[in-house]
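Heads up, the thing below is written out as structure tokens.
The values are calculated or read from the model by the stated rules, or taken from the named source; none is laboratory data. None of these values were measured; they are calculated from a predicted model. As a convention, Cβ positions derive from the backbone with ideal geometry for all residues, glycine included, and neighbour counts pool all protein chains shown.
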Amino acid sequence: MSESKLPIELDSQTIDRLMHDAYARLRAMAAGQRGKLPPGQTMSTTALVHEAYLKVKRVGVQGDVDPDRFMGLCATAMRQILIDELRRRARRGHRSTLKTLDGRQETRLSDILQIDQALEDLGKHGKRLVQVVECRFFAGYSEQETARALGVTDRTVRRDWTKARAYLTRALA
């Protein structure tokens with residue numbers, strides 16, 4: 001965020017407009033996040049997009065009106081919604097797995113929750129590190145898209161992505 005812009009709270013109509021403009025991208029993002037899960041393990045793509053929209057609207061948005069930033073907030077909301085859904089399913093005795101980036105391995109629910117906890121712990125070292133992981137891994141953003149969404153340089157994204165992956169690798173080892 002540039003220093004000349006004051007933070008503002010987005011009103012409901014602005015969030016609705018951002019959602020309308022970004023709907024196709026959000027569906028693609030949701031499909032990508034759901035694609036990491038085996039079929040039948042969680043809600044539909046449409047339901048995930050709508051739940052994310054409702055969560056962002058309920059929580060509210062402060063800061064610049066920026067479509068890339070809005071997408072980053074939605075990626076965070078989607079991750080949280082999927083984790084909550086997996087926890088609910090685990091309480092009911094369902095088995096859940098998560099495919100890795102290369103799509104070859106599968107991870108048990110306990111590992112998914114460990115990943116979520118590792119992201120929470122990573123946030124203690126820097127909120128932006130978690131935001132970079134959410135943008136790169138969960139939203140499927142490129143370095144440039146992540147940089148725009150977070151208002152930083154590509155170089156900062158590369159450095160944060162390297163740092164976050166190293167932390168998560170150690171935390172999950």
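The table for this structure:
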{"item": "Residue in the stretch 131-154 that is assigned to a helix (DSSP H, G or I), over 17 Å from residue 68 (Cβ atoms) and modelled with pLDDT of 90 or more present", "result": "no"}
{"item": "Qualifying residue in the stretch 122-130 (condition: of a type in the set (Lys, Arg) and either within 22 Å of residue 81 (Cβ to Cβ) or under 14 Å from the mean Cα position of the chain (by Cα) (or both))", "result": "yes"}
{"item": "Which numbered condition residue 64 fails, given (1) closer than 23 Å to residue 17 by Cβ; (2) at pLDDT below 85; (3) assigned to a helix (DSSP H, G or I)", "result": "(3)"}
{"item": "Residues (free of Cβ contacts under 8 Å to residues at least 60 places away in the same chain and crowded, with 18+ Cβ neighbours inside 10 Å) located in the stretch 147-173", "result": "147, 157, 160, 161, 164, 167, 168"}
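Condition check ((1) modelled with pLDDT of 85 or more; (2) outside any helix (DSSP H, G or I); (3) small (Gly, Ala, Ser); (4) in contact with a Gly (Cβ under 6 Å, 6 or more places away or on another chain)) across all residues:
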| position | (1), (2), (3), (4) |
| --- | --- |
| 115 | no, no, no, no |
| 161 | yes, no, no, no |
| 166 | yes, no, yes, no |
| 170 | yes, no, no, no |
